[in-house]
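Okay, structure first, notes after.
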Amino acid sequence: MKLFSFIHASDIHLDTPFVNISSSINEEYATTLRTAPFTALENLLEVAKLKHVDFVLLSGDIYNGEEKSIAGQIALQKFARELYKEGIQLFIIAGNHDPLRTTKYQLEYPPNTVIFPTQYHVVNFVKHSKTLAYIHGISHSSKEESRKLIDYFTTDFDPNTFHIGMLHCTVSSIPQEKGKKQYVPCSIHELQSKKLHYWALGHIHTRNIITEYPHIVYSGNTQGIKSSEEGPRGVYYVEVSENKTISMKFIPTSAVIFDTITVELEEEDTLDIFFIKIQEAIDSYVRVSTCTSHYIFTLHFQGITELDRLLRAHPEERWIQDIETYLRKSFVFCIQNIRIDTQNIIPIEDLRGREDLLGETIRILESLQQDTSRRAELFEKVKQQIGISSKVDALKEMDISIEHILENVQKECPYFFEERK
Ligand SMILES: [Mn+2]
């Protein structure tokens, strides 16, 4: 039997400026995108009300910026007040984007709201005068939190009650964006050793149930804030039963969804078929999507096709305009990127045999592919010619794959020469 239920959410990133994306899409859509994290918070509120949960956990990075804009504070205050009216409690920890500091301009929150301090703190959740759960949490004190936060969590508690930990951290074994620093790292083992029943983690934007019993969970962000954060984003609705069984359900909250749509082109596809295929791919994506949402798409074209020549002839912005003009029926989606991965149908043998710069380039590249010492010799020559060392050394270190260059030459160069005939 259900004992209580809650929502685990994190990384709302209110006030994300979306600088790069906004400049590459139309202004009307850019406005929708900038308000999307706020809309996601409203959607979260609807979920909490609909599910009649007992409390909501927000595991850090509620604001995108340390200064915590007044607009962001108003949104969070409204959210807290609405929950208060419904008798729903709200537990918040601060993350690396919005570390807890006393700012001069700070709004007040209703009594249902607990913002965990920068010192480890435990709060009990009481229902019908009975403590049903304990919530353990700690907030980040600065943008670069250097304390090992997991070490503050104690194991000195009554194990018969349900215990939840709130932490904004990086579980070290989770794959991360390349080059991204591991903020407040901790291991699965360290988390498990604390004997809590549910870890409501924040920081990593991709949702992930890392382990069960104990549950170590990232709910992911409530709204994608980069085009690489694809697919619906949302929250976990969690039910805890009397015997501590946990059941979880992902519920989307994102107001704008980023995604890539792949369109497979065939040898003899015409321009008409090209547009029809895009239309069908987008329609079927939107049809099966369970969210009421807006979409920002990257269109990815692949396949061996005669259209390859045409696809590469236009600049990307022109294609986006053309495709949107053809497809636009409503304000449901926009296209941000085009990725052309098609291939022409000219076989490499034909290119190799050509008596022009392209043929010559391919023959040289192919011979370099076999001959490492000649490759080194060539780098040396280039180095002398341009008289700078560092860049060329960098090239050498990068271990440029000749195969990769060859592939790109084959894909992208044949038409250059033809047009100049
Ligand atoms: Mn974070």
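Checked against the criterion of being over 30 Å from the mean Cα position of the chain (by Cα), farther than 22 Å from E67 by Cα and either away from the ligand (no atom under 15 Å from the Cβ) or at pLDDT below 90 (or both), the candidates Y134, Y152 yield just one match: Y134. Please indicate, with yes or no, whether at least one residue in region 140-153 is surrounded by fewer than 17 Cβ atoms within 10 Å (Cβ to Cβ) and in contact with a strand residue (DSSP E or B) (Cβ under 7 Å, 6 or more places away or on another chain). Looking for residues that are surrounded by fewer than 17 Cβ atoms within 10 Å (Cβ to Cβ) and in contact with a strand residue (DSSP E or B) (Cβ under 7 Å, 6 or more places away or on another chain), one finds none in region 140-153, hence no. Reported count of residues in region 371-408, each being over 40 Å from the mean Cα position of the chain (by Cα) and either modelled with pLDDT of 80 or more or among the charged types (D, E, K, R) (or both), is 7. Within region 159-171, identify whether any single residue is in contact (Cβ under 8 Å) with a residue 40 or more places away in the chain, within 16 Å of the ligand (Cβ to nearest atom) and in a loop (DSSP other than H, G, I, E, B), and answer yes or no. No, because not a single residue in region 159-171 is in contact (Cβ under 8 Å) with a residue 40 or more places away in the chain, within 16 Å of the ligand (Cβ to nearest atom) and in a loop (DSSP other than H, G, I, E, B). Exactly one residue out of I216, I246 is modelled with pLDDT of 95 or more, in the same structural domain as A36 (by TED's automatic domain parsing), in contact with a helix residue (DSSP H, G or I) (Cβ under 6 Å, 6 or more places away or on another chain) and among the aliphatic types (A, V, I, L, M): that is I216. A count restricted to region 14-40 and to residues that are of a type outside the set (A, V, I, L, M), touching a Gly at 6+ places or on another chain (Cβ under 9 Å) and not in a helix (DSSP H, G or I) stands at 3. The combined condition, being away from the ligand (no atom under 16 Å from the Cβ) and either touching a Leu at 6+ places or on another chain (Cβ under 6 Å) or modelled with pLDDT under 95 (or both), is fulfilled by I21. Here E268, E239, E264 are screened, and the one residue that is surrounded by fewer than 23 Cβ atoms within 10 Å (Cβ to Cβ), at pLDDT below 95 and either more than 21 Å from I174 (Cβ to Cβ) or touching a helix residue (DSSP H, G or I) at 6+ places or on another chain (Cβ under 8 Å) (or both) is E268.
Let's see how each residue does on (1) of a type in the set (S, T, Y); (2) free of Cβ contacts under 8 Å to residues at least 60 places away in the same chain; (3) in contact with a strand residue (DSSP E or B) (Cβ under 7 Å, 6 or more places away or on another chain); (4) surrounded by 14 or more Cβ atoms within 10 Å (Cβ to Cβ):
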| site | (1), (2), (3), (4) |
| --- | --- |
| D98 | no, yes, yes, yes |
| L107 | no, yes, no, no |
| F116 | no, yes, yes, yes |
| Q119 | no, yes, no, no |
| V122 | no, yes, yes, yes |
| I135 | no, no, yes, yes |
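Filtering region 59-95 to residues that are over 25 Å from the mean Cα position of the chain (by Cα) and within 16 Å of the ligand (Cβ to nearest atom) leaves nothing. Of the residues examined, P99 is not one that is more than 29 Å from the chain's Cα centre (by Cα), in the same structural domain as C169 (by TED's automatic domain parsing), part of a loop (DSSP other than H, G, I, E, B) and not hydrophobic (A, V, I, L, M, F, W, C). Exactly one residue out of V53, V47 is part of a loop (DSSP other than H, G, I, E, B) and more than 16 Å from the ligand (Cβ to nearest atom), and it is V53. The requirement of being of a type in the set (D, E, K, R), modelled with pLDDT under 90 and surrounded by 13 or more Cβ atoms within 10 Å (Cβ to Cβ) is fulfilled somewhere in region 346-353, by at least one residue. In region 196-251, counting only strands (runs of 3 or more DSSP E) that sit wholly within it, the ones holding 3 or more residues that are over 17 Å from the mean Cα position of the chain (by Cα), of a type outside the set (S, T, Y) and on the phi < 0 side of the Ramachandran plot span 234-241.
The values are calculated or read from the model by the stated rules, or taken from the named source; none is laboratory data. Note that the structure is a prediction, hence the values are computed from the model and not measured. Reconstructed Cβ throughout: ideal geometry from the backbone, glycine too, with neighbour counts over all protein chains shown.
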